[in-house]
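Worksheet: the structure to be examined is printed underneath.
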Amino acid sequence: MKKLAINGGQKIKTELFPEYVTVGQEEIKAVERVIKSGKLSRFLGVWHEDFYGGEEIRKLESEWAEYFNVKHAIAVNSATSGLYCAVGASGAGPGDEVIVSPFTMTASATAALVYNAIPVFADIEEDYFCLDPNSIEERLTERTKAIIVVDIFGQPYDAERINAIAKKHNLIVIEDAAQAPGAKYKDKFAGTLGDIGVFSLNYHKHIHCGEGSLVVTDNDELADKIRLIRNHAEAVVEAKGYSSLVNMLGFNYRMTELEAAVAREQLKKLNGLLDKRLENVEYLCNELSKIPCLKIGKVRKNCKHAFYDLPIKFDKKIAGVFRDKFVNAIASELMPFKLRENEGVAIGSGYVKPLYLEPMYQNLIAYGDKGCPFKCTMYKGELNYSKGICPVTERMHYEELFSMEFMLPSMTKNDMDDVIRAFNKVWENREELI
Ligand SMILES: *Cc1c(COP(=O)(O)O)cnc(C)c1O
């Protein structure tokens, strides 16, 4: 008789996990207030009082800045747009290189390409999966203009070492904190550790407003540039009396009053949602770390992790089976979250493929069909997007790492006990997978 569900046995969990919804009456009231005002957005793309947007936008920006203890918070319509603004403000352009992690959501690297700068991929840390300072140092050239660090899964990057490298070489640090709202490095919030930080408010993040983002910085000059890029810079610079035209090609990255009103309510909930998430992580880690083939929950010294995902390293030598087989067997024992049935069971192998292995980098086709910006004559460096350039990233993706979302704040102890039972069942019956 087969025991494991993947082989036809009984599943551990037969009902959906409880729905994870962070919006409610407060957000309904906020949206109602905006709709009744009749002004769903107040932005004007010219130099005018309304260049800075409406009341909800301004309040969200000041509340966000206060919460995260940073001078400027600038609302935009996605973290992708926010990253584009950040690279634009850094001054990077054709001929320049931007060092970035390959183990992240695609937009972290695309942000460089949007300004015709070349993404140079450095490897990640074995334990924390963030950019490895040693690998960054190996990738530095006289063309390097910025470093895009990612607080991946909610783990703050090695701010002390990477900021020191940036300072020494006069580079801008852009921190992609999309997965790390509320995480901390010592007493400083993730997102405020570099020169510019970018948060995300998309549906899948800790808190959300549909789509949206806040870009934060303590630097007045960078803040000005980001606000210009958000809102049709080229049509504003002259009247605003702005002299540098570098990257002052503007977009419409404006957030609406509706999203800002929802985001303001969501910010009030961040603390409680994060506490619950961390409590759940602790409960799961206590039990799952007893399984010999798993390494789970490592947090950088003096840091608070935000656990957007719960990353787990898998030792196939100890398990005697491949990671993907093990993870698929766990998934078969469990069920999706209610309302997210179409996303499947919330566990997956390998996170994203190392970005440089995607077709755009392999074929050097981005703008048009002639290789721009990779083969631009202004670029004097040597591209290398070959398999093998970031061995740790590749090993994590193809062999060792998997991640799951069973720490979401809607999970009860009983739900987590089912998850723990599923892991123990698969571990104890792993011969069935060979
Ligand atoms: C979600 C995410 C983004 C993009 O966020 P959007 O708001 O959807 O544009 C960027 N970087 C990382 C690491 C993310 O997780």
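Return the only residue of LEU228, LEU258, LEU288, LEU310 being under 30 Å from VAL34 (Cβ atoms) and in contact (Cβ under 8 Å) with a residue 40 or more places away in the chain.
Values: LEU228 fails: in contact (Cβ under 8 Å) with a residue 40 or more places away in the chain; LEU288 fails: under 30 Å from VAL34 (Cβ atoms); LEU310 fails: under 30 Å from VAL34 (Cβ atoms).
Checking each option against the conditions leaves just LEU258.
So, in segment 108-118, of the ones that are surrounded by fewer than 24 Cβ atoms within 10 Å (Cβ to Cβ) and within 15 Å of the ligand (Cβ to nearest atom), which residue ends up farthest from ILE147 (Cα to Cα)? Checked segment 108-118; the qualifying residue farthest from ILE147 (Cα to Cα) is VAL114.
Checked against (1) under 20 Å from the mean Cα position of the chain (by Cα); (2) in a loop (DSSP other than H, G, I, E, B), LEU40 passes all but a single condition, namely (1).
Residues of segment 203-222 that are buried (at least 24 other Cβ atoms within 10 Å of the Cβ) and near the ligand (Cβ under 9 Å from one of its atoms): GLY212, SER213.
Residues of segment 142-157 that are within 20 Å of the chain's Cα centre (by Cα) and surrounded by fewer than 24 Cβ atoms within 10 Å (Cβ to Cβ): PHE153 alone. Looking across segment 186-201, the residues that are within 15 Å of the ligand (Cβ to nearest atom) and farther than 15 Å from ALA166 by Cβ come down to ALA190, GLY191, VAL198, PHE199, SER200, LEU201.
ARG254 - would you say it is assigned to a loop (DSSP other than H, G, I, E, B) and within 18 Å of ARG42 (Cα to Cα)? For ARG254, the condition - assigned to a loop (DSSP other than H, G, I, E, B) and within 18 Å of ARG42 (Cα to Cα) - is met. Among the residues making up segment 227-252, those that are surrounded by fewer than 24 Cβ atoms within 10 Å (Cβ to Cβ) and within 16 Å of the ligand (Cβ to nearest atom) are PHE251, ASN252.
Take residues that are among the acidic types (Asp, Glu) and modelled with pLDDT of 95 or more and tell me which of the strands (runs of 3 or more DSSP E) falling wholly in segment 92-206 contain 1 or more. Give the steps one after another, and end with the answer.
On the way: elements: 97-100, 118-121, 144-150, 172-176, 196-198.
Answer list for segment 92-206: 97-100, 172-176.
Does LEU214 satisfy being of a type outside the set (Asp, Glu), under 15 Å from VAL87 (Cα atoms) and under 14 Å from the mean Cα position of the chain (by Cα)? Spelling it out, LEU214 is indeed of a type outside the set (Asp, Glu), under 15 Å from VAL87 (Cα atoms) and under 14 Å from the mean Cα position of the chain (by Cα).
The values are calculated or read from the model by the stated rules, or taken from the named source; none is laboratory data. Here the structure is a predicted model, which means the values were calculated and not measured. Positions of Cβ are generated from backbone atoms using ideal geometry, with glycine treated the same way; all protein chains shown enter the neighbour counts.
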